[in-house]
1. Of everything in the range 51-93, what is surrounded by 21 or more Cβ atoms within 10 Å (Cβ to Cβ), charged (D, E, K, R) and under 15 Å from F127 (Cβ atoms)? Give them in sequence order.
2. For G126, are the conditions met, namely being over 23 Å from V68 (Cβ atoms) and either modelled with pLDDT under 95 or touching a Pro at 6+ places or on another chain (Cβ under 8 Å) (or both)?
3. Examine the range 154-169 for a residue that is in contact with an Asp or Glu (Cβ under 7 Å, 6 or more places away or on another chain) and of a type in the set (D, E, K, R), and state whether such a residue exists.
4. Only residues that are at pLDDT 95 or above, farther than 27 Å from H241 by Cβ and either assigned to a strand (DSSP E or B) or of a type in the set (K, R) (or both): list them for the range 45-81, please.
Amino acid sequence: MTLKRSFIAVFLLCFIASAAQPSASLSLYCESTGCQPAVEGNRVQLIDDPNVFYDEMLESIRGAESFVFMEYYIFREDPVSTAIMDALAERAREGVRTCVILDYYGCAQHMEDKGHRQSMWSFRHGFLERYMDSGVDVVFFNRTGLLPRDHRKLTLVDGKVAYTGGMNVTDLYINGIKGVGQFWDMSLKIEGPAVQSFFTGFVRMWNKCGDRPLTLSFPEVPAPAGDVPLIVLETQGAAIHPNPEELFAALFSMAEHSIRFISGYFNPTPAIEKSLRDAARRGVDVEMLMGESTDMPPVIDRMLMRRAERFFQDDQLTLFIQPGGFHHEKVISIDGHLLLVGSHNLDQLSIKTNHEMSVLMDSEEVVAAFDAYFDAHANPDI
């Protein structure tokens with residue numbers, strides 16, 4: 001099977017028309033971690049193609065009637081962001097409330113274009129200002145400090161559809177990264193009652209960023225759209241319960257047969273390492289996929305690679321390294337039916353400091369799509 005052909009499975013719309021059933025696994029997870037209960041009745045589309053992701057997002061934005069909320073760690077001035085900002089400005093001129101949260105440090109880090117760094121002043125007052133003049137409301141998270149960062153990725157339209165996962169807003173996903181190669185990533189399109197949870201989280205973050213609080217009320221809760229139960233997991237560092245270390249450890253402890261995950265920046269805490277090793281000792285197959293490069297400086301890149309290789313020297317653990325690019329996905333599957341997709345990296349910043357958002361769902365159909373993707377990238381020559 002070629003890698004290209006295997007992608008077909010990833011684009012399938014994971015939806016069954018029958019009524020949603022409660023998930024015993026998600027209920028147990030909520031009880032053990034103290035996180036919010038699962039929301040039933042959602043439709044989930046797993047997307048790994050950036051062109052599909054941006055096209056679907058643009059279609060939703062262009063059809064917005066009430067509001068569009070966006071929240072991203074990286075937002076570059078390039079053709080992708082220009083198309084999205086053009087669509088936002090058009091809707092704003094028609095009276096649609098358009099609000100964008102950008103992480104200041106994340107954007108500043110990625111202002112490089114054609115070999116020279118563009119200043120944040122130019123980005124804010126050149127690129128963004130014309131859209132703000134059209135009614136697009138933009139705020140930056142933490143303009144004065146280095147940490148914490150808003151590492152979340154979210155687009156929310158009319159309280160009907162949410163896009164979240166690992167993808168930022170940049171054409172790097174389409175064109176690749178100079179000196180690194182292809183940029184692989186994965187995101188979700190979600191419709192159904194769980195969309196309301198994203199609204200609450202966005203408003204909370206917006207109100208942290210300035211003196212213009214959002215007063216917009218959430219519209220009527222969407223009707224069930226599918227059969228996928230899911231939990232929206234929002235964290236900020238290690239001090240707030242439940243924190244990422246607790247959430248990851250609880251998830252790995254539930255595994256009975258398999259743990260498969262993709263991580264670009266593998267630098268976990270000792271507690272997470274222990275939970276993975278404990279799972280392997282129970283007979284769970286533990287597999288990780290990563291690219292041969294990251295978007296980090298070479299010294300950090302080599303450190304992360306050595307870190308992963310040392311951890312996976314254990315015969316009970318399997319590491320797949322795909323040449324030719326960088327796997328930026330943050331995805332974990334458990335036992336063929338649980339799947340975590342979001343912004344949480346298995347690294348110290350995500351675990352101990354940053355604002356993060358991920359979705360944990362129970363769906364054999366969605367996991368089957370992920371498994372097809374994992375297998376195709378872990379064994380690209382088959």
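The values are calculated or read from the model by the stated rules, or taken from the named source; none is laboratory data. Note that this is a predicted model, so its numbers are computed, not measured. All Cβ positions, glycine included, derive from the backbone under ideal geometry; neighbour counts span all protein chains shown.
1. R76
2. On the way: over 23 Å from V68 (Cβ atoms): no; either modelled with pLDDT under 95 or touching a Pro at 6+ places or on another chain (Cβ under 8 Å) (or both): yes.
Considered against the rule, which asks whether it is over 23 Å from V68 (Cβ atoms) and either modelled with pLDDT under 95 or touching a Pro at 6+ places or on another chain (Cβ under 8 Å) (or both), G126 comes out as no.
3. Narrowing the range 154-169 to residues in contact with an Asp or Glu (Cβ under 7 Å, 6 or more places away or on another chain): 154, 158, 160-161, 166-167.
After this cut, where a residue has to be of a type in the set (D, E, K, R) as well, the list is 158, 160.
Scanning the range 154-169 turns up at least one residue that is in contact with an Asp or Glu (Cβ under 7 Å, 6 or more places away or on another chain) and of a type in the set (D, E, K, R).
4. Those that are at pLDDT 95 or above, farther than 27 Å from H241 by Cβ and either assigned to a strand (DSSP E or B) or of a type in the set (K, R) (or both): Q45, L46, I47, R62, F67, V68, M70.
For (1) touching a residue at least 40 places away in the same chain (Cβ under 8 Å); (2) part of a helix (DSSP H, G or I), each residue gets a yes or a no:
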site	(1), (2)
I321	no, no
S333	yes, no
L340	yes, no
N345	yes, no
I351	yes, yes
V359	yes, no
E365	yes, yes
A369	yes, yes
